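Take a look at the structure set out below.
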Amino acid sequence: MNKGFAFILGDKDKNIPDLYVAEENLNGVKNGETVVARILEWGGEGKKPSATVVSVLSGDDAADEAMRAILLDNGFALNFSDEAQEIAARIPEVITKEDISHRKDVRGYLLLPSIRLMRKTLMMPYLTAS
């Protein structure tokens, strides 16, 4: 971090460039923290894209930070939309006896994940004694 600006270091392996962030767009981030940023402008020739810090991923829990990074790398949002949160808030927390009567009780069964069988014949090499 410099006075008035900072750079978010990109990932060269994933072809993500370094990002220029003006001081007013740092949103309280500290040096060394992992962040989510939004690109504001791609910049011109010889200029880095400019961005704003949306949220900080760093924290005391390295596993949580890694999980969030994996979600982001695979295109998942870290937060639900306001609409989704409103809909979820309307779902009752108590299951009624009527709801239970429409369900199958599988607590006494051993449930295994489904397995997809391959329809290819696998060729195994034969071992020969010499």
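The values are calculated or read from the model by the stated rules, or taken from the named source; none is laboratory data. Here the structure is a predicted model, which means the values were calculated and not measured. Quick reminder, even Gly has a Cβ in these numbers, built from the backbone with ideal geometry, and neighbours come from all protein chains shown.
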Only one of these conditions is not met by Ala84: (1) more than 24 Å from Gly28 (Cβ to Cβ); (2) loosely packed, with under 11 Cβ neighbours inside 10 Å. Which number is it?
(2)
Select from the stretch 64-81 the residues that are part of a loop (DSSP other than H, G, I, E, B) and out of contact with any helix residue (DSSP H, G or I) (no Cβ under 7 Å at 6 or more places or on another chain) and list them in ascending order.
Asn74, Gly75, Phe76, Ala77, Asn79, Phe80, Ser81
How many residues of the stretch 23-43 are more than 16 Å from Gly10 (Cα to Cα) and either polar (S, T, N, Q) or touching an Asp or Glu at 6+ places or on another chain (Cβ under 9 Å) (or both)? The answer is 2
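Looking at the stretch 92-117 only, could you name the residues that are of a type in the set (D, E, K, R) and at pLDDT below 85? Break it down stepwise before answering.
At the first step, the residues of the stretch 92-117 found to be of a type in the set (D, E, K, R) are 93, 97-99, 103-105, 107, 116.
Scanning the stretch 92-117 gives Arg107, Arg116.
Would you check which residues across the stretch 71-85 are out of contact with any Lys or Arg (no Cβ under 9 Å at 6 or more places or on another chain) and touching a residue at least 24 places away in the same chain (Cβ under 8 Å) and list them?
Scanning the stretch 71-85 gives a single hit, Leu72.
In the stretch 84-116, which residues are of a type in the set (Gly, Ala, Ser) and in a loop (DSSP other than H, G, I, E, B)?
Of all residues in the stretch 84-116, those of a type in the set (Gly, Ala, Ser) come to 84, 88-89, 101, 108, 114.
The answer is Gly108, Ser114.
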With the condition being surrounded by fewer than 15 Cβ atoms within 10 Å (Cβ to Cβ), I'd like the strands (runs of 3 or more DSSP E) fully within the stretch 5-63 carrying at least 3 qualifying residues.
35-41
